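Comments concern the structure below.
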Amino acid sequence: MADNQYPIHERLPFASLLTMAAGSLDAYSYLAHGQVFAGLQTGNLILFGIHLGRLEFLNAFHYVLSILAFFIGTIIVRILQYRFADMPTPVHRQRWILIYAILFLLIGWGASYVAPSIVVIMFLSMAAAAELQEFRKLKGVSFTPLMMTGNLRKLAEASFDSIFYKKVLAYQRVKDTTLVLISFTLGALVSGLAVLWLQINAIVLPILILLSAILLLNYGYKDKF
């Protein structure tokens, strides 16, 4: 099925913006706020275990707060999903959830000037949770904009199927998944450079990317309003 036959929130350009924002946010939170990931909670669990094993309890506590904030953020978005369940198109809910995520990033940005990183990271994790909870499909199949391990597995599987079994759909998935992985890496790369120049103000990068996602979402549904 052609890309434009899917709703805009399942198309590759939108998915690429989400993954770029996710890579940018995780790189920013890790570099600018105490080596804690905003969205990659698997990484936080690993780092929590490492610090706990070294009896570095204060450092371990930072990861617990990020995990807890992500948990709470997911529940809040789930409430919003039920609240907007009867809307005529998904764009109404998706727009508000992206605005919600941007709002928490802005709060985290402001908090960076007056609060310790342990507080800031909680706002960033709640923003990351919104993205993962709401956007989970790319062209009708499961997709995660935050965790690239699953996407890397899909790339390996689709590569094998396209090369040895000549599956056309698998070949398309190779292209799509490759672009998703590149987008995530590019977001992290640019955010890493931005932190060198802008320090805590580098959070403006994932904010601008999510604003671009809202514009794309609105454009894709413009005929439905």
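Some notes on this structure:
- Rounded tilt (10° steps) of 90-111 against the dominant C-alpha axis of the chain: 20 degrees
- Compared with the dominant principal axis of the Cα atoms in the chain, helix 12-32 is inclined by about 10°.
- Rounded to two decimals, the Cα-based Rg/Rh of the stretch 55-150, with Kirkwood Rh, is 1.04.
- Computed [θ] at 222 nm, helices only, for the chain once each DSSP H run of length n ≥ 4 contributes -39500 (n - 2.57): -25500 deg cm²/dmol
- Database remark: amide H of residue 138 closer than 5 angstrom to the amide H of 143 (H placed geometrically; neighbours at sequence offset of 5 or more, or on other chains; Pro and chain starts carry no H).
- With one equal scatterer per alpha carbon and no solvent term, the Debye-computed log10 I(q)/I(0) for the chain at 0.15, 0.16, 0.18 1/Å reads -0.98, -1.09, -1.29.
- Cβ crowding within 10 Å averaged over residues, with 169-182, 123-136, 74-87 ranked highest first: 123-136, 169-182, 74-87
- Per residue, the convex hull spanned by the Cα atoms of the stretch 35-81 measures out at 57 cubic angstrom.
- Hydrodynamic radius (Kirkwood) for the stretch 157-211, which is based on Cα pairs only, to one decimal in Å: 13.1 Å
- For the stretch 69-118, the Cα gyration tensor yields ellipsoid semi-axes of 27, 12, 5 Å (square root of five times each eigenvalue, largest first, whole Å).
- Remark: the chain carries a charge dipole of roughly 480 debye about the Cα centre, counting +1 on each Lys and Arg Cβ and -1 on each Asp and Glu Cβ.
Each reported figure results from applying straightforward, stated rules to the coordinates on display, with no laboratory input. Everything numeric here is computed off the predicted structure, so don't read it as measured data. So basically every Cβ, Gly included, is an ideal-geometry build from the backbone, and we count neighbours across all protein chains shown.
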